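The values are calculated or read from the model by the stated rules, or taken from the named source; none is laboratory data. These numbers were taken from a predicted model, which means no experiment stands behind them. For neighbour counting, all protein chains shown are included, and Cβ atoms are generated from backbone atoms with ideal geometry for every residue, glycine included. These accessible areas exclude ligands, DNA and RNA; they are computed on the full protein's heavy atoms, side chains included. Shrake-Rupley method; radii C 1.70, N 1.55, O 1.52, S 1.80 Å.
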Amino acid sequence: MPRGHEPRGPGAPDGPEIWIRGAVGEAEQPPRRYEEERRPAPRVRLFSWIATHGGAGSSTLATVFGGHDAGRDWPRPDRGEPASVLLVGRTHAAGLDAVSHTLDIFRRGDAPPGLDLDAIVLVADAPGRLPRQLTQRIKVINSVIDVYRVPWMPAWRTGDLAVPLPREAAPLARLTGRTAP
C-alpha cells in the first residue's frame with residue numbers, strides 16, 4: 001500500500017494524511033487556575049518621601065525611585081499625595097536624632113490621620129563604614145520599623161541621578177517598584 005494510504009482506525013476519514021506547518025486557528029489557552037483568576041493585578045505603590053531634616057535627600061530619592069517629595073511637610077492625601085510614607089534621614093548623629101523624633105511623632109499618634117508610615121530610609125552621609133555608636137542607633141530604630149539603607153553615591157553629589165543603583169539599594173528598589181539594580 002502506498003505511503004499515506006495506510007488503514008486508519010474506526011471513524012478516520014479515508015485519504016492521505018495532510019500535514020500543516022504553523023499555527024492553524026487560535027491556539028488553545030491552558031486553563032487558568034482559580035487562584036490566578038482571583039488574584040488582583042499588581043499595582044505600583046507610590047510613596048511620599050518626608051525629609052526629617054534639611055538635606056536628608058528626599059528630593060533625590062523621589063527623583064530616583066519615584067513618588068512624591070513632601071519635603072519637610074506632611075503629605076496631603078486629600079490632594080492626591082500618597083498616604084504611604086517613607087521617612088528620610090542621613091546617617092550622621094543629627095540625622096538619626098531627627099529620624100527618631102519624627103518616628104516618635106508617629107508612635108504617639110500625633111501624625112496627621114490617614115498617613116501610613118511604611119519605613120525609614122537612611123542615606124549615607126559620607127563614604128565608608130559608620131562608627132559603631134551610629135550603627136547601634138540604627139539597630140535600635142530597625143527594631144521598631146524597617147530601615148532601608150542607601151550607600152554614598154558620589155555621582156548624586158554632582159547631580160547625576162541616572163547612574164545605576166548599587167546592589168545595596170536593591171531592597172529599596174523592590175519596595176518602591178523600581179527595577180532592581
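Tabulated results
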item	result
Elements of type helices (runs of 4 or more DSSP H) contained in region 81-181, each with 1 or more residues being touching a Gly at 6+ places or on another chain (Cβ under 8 Å) and aliphatic (A, V, I, L, M)	93-108
Cβ-Cβ under 7 Å pairs, at least 6 apart or on other chains, region 97-124 side polar (S, T, N, Q), far side in a strand (DSSP E or B)	T102/L87
Residues located in region 137-181, provided they are open to solvent by 80 Å² or more (accessible area, probe 1.4 Å), farther than 26 Å from D116 by Cα and of a type outside the set (S, T, Y)	P154, R157, A162, P164, R167
